[in-house]
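Engineer: This is the structure, below, for whatever I ask next.
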Amino acid sequence: MNCKNCNTSLSSESDYCYVCGGKVIRNRLTFKNLFEHISETFFNYDNKLLKTFIALFTKPDDVIGGYINGTRKKYVNVISYFALAITITGFYLFVLKKYFPDTIDYSILSPAGQEEFQERNVSFVQENMSLFMMLYVPLYAIIARISFVGINKFNYTELLVVFLYLQAQMSIATALASILFSLFGIHQGVMSLILTPLMVLYTAICLKQLYGINTKSIILRTLLFFTVLMVLFVIVSVIMGIYMYLNGDFQQMIDAQKAAKGG
């Protein structure tokens, strides 16, 4: 008998492959065992997915630090978890647009005359959310290298793993919270004001555990992290301002504001 995943020769009594760890499947696929597999994968407390989600809140060092140090079977691997987060993010955006469109209408929070520009920007971000999620990770890893200068515990690749896990965890939690908030008619802008400080705190706690530093040090490093992030934000804003000026969007925004005030 050979393993169906890696073709390694196994004994007839084997339940798992000693090379790849794959489970030996002896029965044909039926609706019953398909349902059992789905239940075991997604709804069983002992399954890796739920175990990983809970552990990333309760003991993130065990998940992230363990993966970096070579423990790869205990929790969902970082790439699979991030891919799942992208899928869930796309699903929750679809649900909000389909059933709770009023909660993602940011035009009500825009200055008079800028509703169209705000709607265009929000739509662009939502349509390219997966791309933004992937871009955040290498950016945050670079900023972390700068912010934690003098502490060479993680190299850049390991920091990518750190922020892949953190970004995935916060995206999944945000998706679940967004749908729950929408059921009560709470606007996504209000939700962002509530969740953003919590996400910053969560990230700081995780990095504190991973780096093994004290509270004072993580506060200082977090402030440095946001300082670097704000500098990059200003640079990007200036570039975007120049772009809007050159293509005429900036003048249109001014004209729209004047028209709104005049009306």
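Engineer: Regarding segment 41-55, can at least one residue be identified that is loosely packed, with under 12 Cβ neighbours inside 10 Å, modelled with pLDDT of 75 or more and of a type in the set (S, T, N, Q)?
Structural biologist: The answer is no; no qualifying residue exists.
Engineer: Okay, next question. Since K153 meets every condition but one in (1) modelled with pLDDT of 90 or more; (2) in a helix (DSSP H, G or I), which condition does it not meet?
Structural biologist: (2)
Engineer: Given the criterion farther than 25 Å from M230 by Cβ, in a helix (DSSP H, G or I) and β-branched (V, I, T), identify the matching residue among I172, I146.
Structural biologist: Only one candidate qualifies: I172.
A quick yes/no check of all residues on (1) among the aromatic types (F, W, Y); (2) modelled with pLDDT of 85 or more; (3) surrounded by fewer than 13 Cβ atoms within 10 Å (Cβ to Cβ):
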position: I68; (1), (2), (3): no, yes, no
position: V76; (1), (2), (3): no, yes, no
position: Y81; (1), (2), (3): yes, yes, no
position: L84; (1), (2), (3): no, yes, no
position: L93; (1), (2), (3): no, yes, no
position: E116; (1), (2), (3): no, no, no
position: E119; (1), (2), (3): no, no, no
position: S123; (1), (2), (3): no, no, no
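Engineer: How about segment 205-253: which of its residues are surrounded by fewer than 12 Cβ atoms within 10 Å (Cβ to Cβ) and at pLDDT below 90?
Structural biologist: Residues satisfying the conditions are F233, V236, S237, V238, I239, I242, Y243, Y245, L246, N247, G248, Q251.
Engineer: Right, here's the next one. Would it be correct to say that M191 is surrounded by 14 or more Cβ atoms within 10 Å (Cβ to Cβ) and within 15 Å of V95 (Cβ to Cβ)?
Structural biologist: Spelling it out, M191 is indeed surrounded by 14 or more Cβ atoms within 10 Å (Cβ to Cβ) and within 15 Å of V95 (Cβ to Cβ).
Each row is one residue, and each column tells you yes or no for (1) crowded, with 16+ Cβ neighbours inside 10 Å; (2) more than 15 Å from the chain's Cα centre (by Cα).
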{"residue": "L135", "(1), (2)": "no, no"}
{"residue": "I151", "(1), (2)": "no, yes"}
{"residue": "Y156", "(1), (2)": "no, yes"}
{"residue": "L159", "(1), (2)": "yes, no"}
{"residue": "Q167", "(1), (2)": "yes, no"}
{"residue": "L195", "(1), (2)": "yes, no"}
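Engineer: For residues in segment 15-40 being under 32 Å from the mean Cα position of the chain (by Cα) and among the β-branched types (V, I, T), which is modelled with the lowest pLDDT?
Structural biologist: By that ranking, first place goes to I38.
Engineer: Just need a number here: residues in segment 7-19 that are part of a loop (DSSP other than H, G, I, E, B) and either touching a residue at least 24 places away in the same chain (Cβ under 8 Å) or surrounded by 12 or more Cβ atoms within 10 Å (Cβ to Cβ) (or both).
Structural biologist: Total satisfying the criteria: 5.
Engineer: Give segment 197-221 a look and list any residue that's in a helix (DSSP H, G or I) and within 17 Å of I68 (Cβ to Cβ), or say none.
Structural biologist: Matches in segment 197-221: T203, C206, L207, K208, Q209, L210, Y211.
The values are calculated or read from the model by the stated rules, or taken from the named source; none is laboratory data. Treat the numbers as computed from the prediction; the structure is a model and nothing was measured. Cβ coordinates were reconstructed from backbone atoms using ideal geometry, including for glycine residues, and neighbour counts include every protein chain displayed.
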